[in-house]
Each structure stands twice: as structure tokens, then as C-alpha cells.
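Participant: Can you read through this structure? Questions will come right after.
The values are calculated or read from the model by the stated rules, or taken from the named source; none is laboratory data. Everything numeric in this text was worked out from a predicted model, so none of it was measured. With ideal geometry, Cβ positions are generated from the backbone for all residues, glycine too; neighbour counts draw on all protein chains shown. Surface accessibility is based on the protein's heavy atoms, side chains included, excluding ligands, DNA and RNA. Shrake-Rupley method; radii C 1.70, N 1.55, O 1.52, S 1.80 Å.
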Amino acid sequence: MKPMAHLGVGIGWRPEIADAVDRLDGLDWVEVVAENICPGHLPEALQRLRERGTRIVPHGVSLGLGGADRPDPQKLAALGERAVALGAPLVTEHIAFVRTSSPVLEAGHLLPVPRTRDALDVLCENVRIAQDALPVPLALENIAALFSWPGEEMTEGQFLTELVERTGVRLLIDVANLHTNRVNRGEDPAAVLDAIPLEALAYVHVAGGVERDGVWHDTHAHPVPPVVLDLLAELRARVEPAGVLLERDDDFPPEAELAGELAAIREVVTADRPAAARPKPSAPKAAPLPEAGPEPESGAQPETGTEAQAGTGAQPETGTEAQAGTGAQSEPEPEPEAGAQPEAGAETRTGGRGVGEDARTRVALGQAALLSALVAGTPVPEGFDRARIRVQVRALAAKRADVVAKVAPELPGILGGRDPYRKAFLAYAKGRPMTAGYRRDALDFAEHLLIQDLPADPAARRRLTAWWQERAGARPPRRIVRWARTLVGRAA
């Protein structure tokens with residue numbers, strides 16, 4: 001595999017810290033959330049960085065390449081357009097699913113895929129489709145997870161290794177996510193680093209989080225802890241990464257603290273590699289899968305005390321649903337040698353004819369059952385840790401409220417502040433899963449309140465009506481229509 005161009009030490013660019021990023025000494029590059037920029041209207045601060053020659057990499061969060069559906073061509077085209085506009089050497093995404101098409105549901109979050117043969121087959125074909133559509137190379141990130149899937153057939157290292165071997169995709173290794181999965185899923189980060197092909201490493205993410213009630217929340221809103229820097233040093237002992245990037249998405253610290261975190265990362269990256277650095281074994285033994293924990297009693301209390309995100313802090317701007325695909329079932333063929341590049345569009349395990357429809361259907365059914373339990377209140381599928389699923393449910397609802405408040409910052413003000421807004425939104429979200437992205441969710445929430453003649457204060461209600469009209473391009477329902485909808489809802 002061709003060596004990656006040197007990137008150096010960088011930071012995730014966010015509008016809230018644009019001025020601080022502009023002044024950071026020794027900053028080599030930045031990464032931007034692809035869905036949060038418009039190629040023809042780059043923010044001035046980002047444009048200045050580009051004019052100075054600072055390398056910019058777009059980081060996608062909404063493709064959902066681990067989902068059962070084939071990638072949405074419009075989303076792929078949009079990601080490629082951003083790569084061209086930024087002059088990026090590559091684009092990155094996640095090994096995750098974010099939506100289902102039957103039923104139509106959006107997680108608004110990166111969710112783990114099961115480490116099964118079916119899921120790997122689907123992921124590999126989706127990756128090949130993406131690679132063929134994108135104008136630059138693709139790298140995929142391991143995600144943080146709060147729970148494990150039952151019945152997994154591979155370890156994380158085996159899953160990532162085979163993904164690379166079958167597609168030639170590069171890896172973006174997030175060492176904070178390795179720590180998250182150590183706490184939440186009992187996985188050994190060193191075993192993952194020993195197993196994966198580090199020659200495929202594109203670059204590395206580093207981020208902060210917090211542990212509450214035995215659960216690690218990868219918040220991207222806390223300082224990078226020493227344990228994550230230790231994992232960066234573990235990786236550095238095995239390979240010299242082309243780039244390392246600090247992620248921060250909320251509760252941004254003063255500029256001096258950001259500079260201090262970057263300095264600590266740079267110190268780890270530039271340290272001499274130990275003479276006795278452990279080489280990667282030529283044929284690593286598979287680490288045993290962690291045993292599934294016992295199901296909690298029906299009356300067990302869920303883990304509480306947090307509304308932090310359990311996964312990556314990036315905020316997807318989701319919308320168009322990916323189109324469900326079909327493909328012919330075929331017999332598996334021998335695996336290619338490590339690092340072999342399949343022909344464009346070919347999926348090596350399935351004879352180049354695509355993933356069988358049965359495999360996609362099985363993946364789709366499992367993901368739909370899980371996502372429905374997470375956002376629509378349906379029963380938790382058999383085999384999942386119910387307490388962990390309840391924590392994930394709360395985290396998803398809290399993140400949804402926070403992101404809607406960011407894309408529609410007027411709503412908390414209209415409703416009397418952060419607390420009244422959150423109370424109203426969480427009550428709304430409990431029975432209304434997101435189906436078309438956060439901006440549509442904000443409009444639906446406002447309409448939901450107006451149908452119920454809320455907020456109670458007439459002046460606030462007039463402000464909400466005006467806000468809704470301006471963005472929805474329609475008049476809010478008249479009183480008789482609102483009553484009718486309310487009655488229909490109660491009957492249902």
C-alpha cells in the first residue's frame with residue numbers, strides 16, 4: 001500500500017474555535033465535518049487557512065457505510081465535491097450505520113455494526129461503491145460504542161483486517177474510541193493494534209471523554225485524559241502515523257488549553273520510538289470475544305447520571321435515505337492476499353457480483369430492530385444488554401435535543417430557556433422518531449407545539465408561529481385542524 005503523505009499534528013476545525021485555530025502555533029492541518037460546510041461558501045476563517053497552505057481533510061458523518069442499504073449517490077457526490085473544493089488528499093468516514101429504510105428511521109448518531117460475515121460482506125460492497133464514486137482515497141474510522149451486538153463472529157482486529165484486505169481502504173484509528181470500547185465492551189486496545197494492518201493507517205484521532213457509572217462517554221467535550229495519550233504512545237511504538245488530530249466538539253476550553261493539548265500530543269508523536277518496540281506478530285492469534293453479560297432483572301434501574309454522547313461527538317446532518325439495493329447470491333471464493341486491490345466495483349468474497357440480497361436483508365432486519373428500540377420505543381431485541389440500551393436511548397435523545405438547539409438556536413429562547421426547551425423537546429421526541437434529519441426535526445417539533453396550542457404564553461406562541469412560517473413556507477394549521485390532528489393522535 002502506498003505510504004500516506006505526512007500530515008503532522010492537527011485539530012478538528014469548528015466555527016466556535018475558528019479564531020483560536022487561526023492563531024495556534026505550529027498547526028499542520030485541520031479536519032472539518034463535511035456535512036457542515038458548503039463548497040461554494042466556505043467560512044472566511046477556513047478559507048484563510050486554505051490560502052495559507054494549511055491542509056484540510058473533510059470528515060463525513062452521514063454516509064452510514066455499515067448500513068444495510070447501498071450508499072446514497074447524492075451523499076457520495078456531496079462528499080466528493082467537498083474534497084475537490086478543499087483540495088483534500090483524502091476523505092474519511094466511519095464504520096457505522098446511522099439509519100434504516102424500512103422503517104424509515106434516523107439515529108442522528110454513529111451506531112456499531114455487528115462483527116458478522118453478513119455485515120462485513122455488506123460493508124465491503126458499500127465501501128467499494130464509495131471508493132468508485134469518490135475522487136480521492138477513502139479512510140474509515142473505528143467508532144466508540146456503548147454496547148455489543150450478540151452473536152458476533154469476529155474480533156475488532158479480525159473485522160478491520162479483513163475489511164482492509166478485501167477493499168484496500170485505509171484506516172483512521174481513533175485511540176479514544178479504543179479506550180471507550182475497552183471500558184464499555186471489554187476489548188483490549190493492544191490486541192486491536194497488534195492485529196490490524198498498520199501499513200493501512202491514514203491518520204489518528206485523539207479526544208476526551210468521561211466515565212460515569214461504569215460507562216465511558218466519548219464526549220469530545222472534555223480534556224484528553226492520560227489513558228488516551230498512553231494509547232497514542234502504544235500506537236506510536238508500533239508505527240509512525242502520518243498525522244494525529246485533536247477532536248473537540250463542545251465545551252470549548254480557552255485557547256491556551258487547546259494549545260497545551262496539542263503540545264502534549266506532539267510530545268508523544270515526536271518522542272523516540274522505544275528500541276524494544278513490540279513488532280506486529282506475523283500471524284496474530286484471535287483475541288477471545290467478551291462473553292455477553294447477564295440480562296438485568298426486569299426491575300433493574302438503568303445507568304443514570306449522564307446525557308453525554310456515548311459515541312463520537314460529530315453531529316450528522318442526515319437527510320435523504322439511501323436506496324435499498326439488490327444483488328445476486330453467490331458462493332464465496334478464496335480470500336485475496338493481504339493488501340491486494342480488487343478491481344473497481346468487485347466484491348472479492350462474493351465473486352465480484354455483489355452481496356446477495358439475503359445477506360442485506362438479514363443485516364437490515366437486525367439493524368431495524370435495534371434502531372427501533374433505540375428511537376421508537378419498541379422492545380429491545382433478544383441478546384442485548386438492556387441496561388446499556390437504556391443508557392444509549394437517553395444519550396440519543398439528549399444529543400438530538402442538543403443538535404436541534406444548535407441548528408435552530410431561536411427555539412430555546414422562544415420557549416423560555418434551555419430547561420423548558422429540553423423538557424418540551426424530550427417529551428416530543430419520546431413518541432416521534434427522527435426520519436429526515438435535524439433541520440426537519442426542528443420544524444416538526446415547532447409544528448407539534450403549535451398543534452397543541454403551545455407555548456402557553458400568547459406572545460411566545462406568536463413568535464414560534466412566525467419562526468415556523470418563515471422556515472416551513474406555509475401557514476400553521478388552523479385551530480380546527482389542530483384539534484382534529486390531536487384527536488386522531490389520541491385515537492391511535
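Participant: Provide, in order from the shortest bin, the percent of all Cα-Cα pairs of segment 1-157 in each 10 Å bin, continuing until the bin that contains the maximum pair distance.
Facilitator: Pair shares across the bins are 10, 36, 33, 17, 4, 0.
Participant: If you don't mind, there's one more thing I want to ask. With +1 on each Lys and Arg Cβ and -1 on each Asp and Glu Cβ, and nothing else charged, work out how big the dipole of segment 371-453 is about its Cα centre, in Debye to the nearest 20. List each step's numbers first, then the result.
Facilitator: Details: 14 positive and 9 negative charges, 62 e Å.
That gives a dipole near 300 debye.
Participant: Which whole-Hz couplings ³J(HN,Hα) result when phi for each residue of segment 455-467 is put into the Karplus expression 6.51 cos²θ - 1.76 cosθ + 1.60, θ = phi - 60°, listed in order with x for Gly and Pro?
Facilitator: Ordered by residue, 3J(HN,Hα) equals x, 5, 5, x, 5, 5, 5, 5, 5, 5, 4, 5, 4 Hz.
Participant: Suppose accessible area is computed on protein heavy atoms with a 1.4 Å probe; arrange His6, His448 from highest to lowest.
Facilitator: Values: His6 140, His448 35 Å².
The most accessible residue leads, giving His6, His448.
Participant: First check a/c for segment 96-240, with a ≥ b ≥ c the square roots of the eigenvalues of its C-alpha gyration tensor; if it is under 1.5, answer rounded, and if not, answer prolate when a/b is larger than b/c or oblate otherwise. Please report the intermediate quantities before stating the final value.
Facilitator: Working: a/c = 1.58, a/b = 1.19, b/c = 1.33.
Oblate shape, in that a/c is at least 1.5 and b/c is the bigger or equal ratio.
Participant: Provide Rg and Dmax in Å for segment 414-478, with only Cα atoms included in the calculation.
Facilitator: Every Cα atom of segment 414-478 included, Rg and Dmax give 11.3, 30 Å.
Participant: At q = 0.13, 0.16, 0.17, 0.23 Å⁻¹, what base-10 log of I(q)/I(0) does the Debye formula yield for segment 347-476 when every alpha carbon is treated as an equal point scatterer in vacuo?
Facilitator: Values returned for q = 0.13, 0.16, 0.17, 0.23 Å⁻¹ are -0.65, -0.83, -0.89, -1.30.
Participant: Working out 0.36 nm times the residue gap between Ala5 and Ala18, then minus their Cα-Cα distance, what length gain in nm do you get to one decimal? Numbers along the way, then the final one.
Facilitator: Values: separation 13, 0.36 × 13 = 4.68 nm, distance 2.51 nm.
Going from the current span to full extension adds 2.2 nm.
Participant: D for segment 29-101, whole µm²/s, Stokes-Einstein with Kirkwood Rh over alpha-carbon pairs at 37 °C and 0.692 mPa s: what number? Please report the intermediate quantities before stating the final value.
Facilitator: On the way: Rh = 12.9 Å.
It diffuses with D of about 255 µm²/s by this estimate.
Participant: Something else: Amide H neighbours of Ser148 under 5 Å, counting only residues 5+ apart in sequence or on other chains, H built in-plane at 1.01 Å?
Facilitator: Correct list: Asp385.
Participant: Take each of the peptides 63-70, 30-37, average the number of other beta-carbon atoms within 10 Å over its residues, and list them starting from the highest. All intermediate terms of the calculation are to be shown ahead of the outcome.
Facilitator: Values: 63-70: 26.5, 30-37: 22.1.
Descending mean neighbour count gives 63-70, 30-37.
Participant: 5 Å is the cut-off here: which amide hydrogens, built 1.01 Å from N in the peptide plane, fall below it relative to Leu201, excluding neighbours closer than 5 in sequence?
Facilitator: The list, which skips near neighbours in sequence, is Leu171.
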